[in-house]
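Data block below; observations after.
What follows draws every value from the coordinates through simple rules; no lab data is involved. As the structure is a computational prediction, the values presented were derived from the model and not from experiment. Backbone-built Cβ (ideal geometry, glycine too); neighbour counts: all protein chains shown.
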Amino acid sequence: MQHALMQNNPPPLEVGATNFFNIRFYKRLFSEIEGELTLRQLQRYRLLQARKQMTKQDIVVALNVSADTALREVKVLLDKKLAKKSGAGKATVYVLT
């Protein structure tokens, strides 16, 4: 059970110098919506979280994928309303919603 708790969260158990211990439950770092994404889509989502906004070319370079693949995966984030598209053509950027 401890492994299941630690899989996507910080360690919940703190042991003190006495005979007592504290258990802290942190907010889950892995949301339900993220559980519906493939590993590649999750990488794009987390990259977008870190950078706040990205262009198609940023995604291509950062993740070493083709432009078509980058757009296909970003479209899933757009469909799930996790990201939104701003601008047009080469000025298009993707931002978190």
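Quick look at the numbers
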{"item": "Ala83 long-range amide H proximity, modeled H, under 5 Å", "result": "Leu78, Thr97"}
{"item": "Distance between modelled label sites at Leu96 and Lys56, nm, 7 Å Cα→Cβ extension", "result": "2.4"}
{"item": "Whole-Hz couplings from phi, Karplus 6.51/-1.76/1.60, listed for segment 55-71; x for Gly and Pro", "result": "9, 4, 5, 4, 5, 4, 5, 5, 10, 6, 10, 6, 4, 4, 5, 4, 5"}
